[in-house]
1. By how many nm would the segment from M50 to E88 lengthen if fully extended, with 0.36 nm per residue of separation less the alpha-carbon distance?
2. List, in order, the whole-Hz ³J(HN,Hα) value for each residue of segment 32-42 obtained from phi through the Karplus relation with A = 6.51, B = -1.76, C = 1.60 and θ = phi - 60°; use x for Gly and Pro.
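Every read-out reported here was derived from the displayed coordinates using simple, explicitly stated rules and does not represent laboratory data. Keep in mind the model is a prediction, meaning the values are calculated, not measured.
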Amino acid sequence: MTRGKLEVLLVGAKGLDNTDFFRKGSEPEWNETFVFSISEGVEELFLKIMDSDSVGEDDFVGEAKIAIEPVFSEGSIPTTCYNVVKDEEYCGEIRVGLTFTPEEYSERGCEEESFGGWKESSY
């Protein structure tokens, strides 16, 4: 049973289409961390990269799919480059680090209350 918290360190990218949002053109640096709750059956992290337009709609830059099974067994994956694709063609790389913290769960399936109920009764 793979449940827990997935910490995603989004470091940066290179080789992306130059857009008006990226201050460094096609090589943006983010260095931001995001935390997600992972439930059973999740096998991939899907990253959709968009630019941010102040006028009009944001533009799709590309996407990356990252298999997360290795981080379940290893606990963490250091910052690694993953391919970014757009219209099924390579269009750059994104650098991402991953850390997984498994959720602890009770083997009995329920926790016993430590207050109230008949156990605490004087009868």
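1. 12.1 nm
2. So the Karplus estimates, Gly and Pro as x, are 10, 10, 10, 10, 10, 7, 10, 10, 4, x, 7 Hz.
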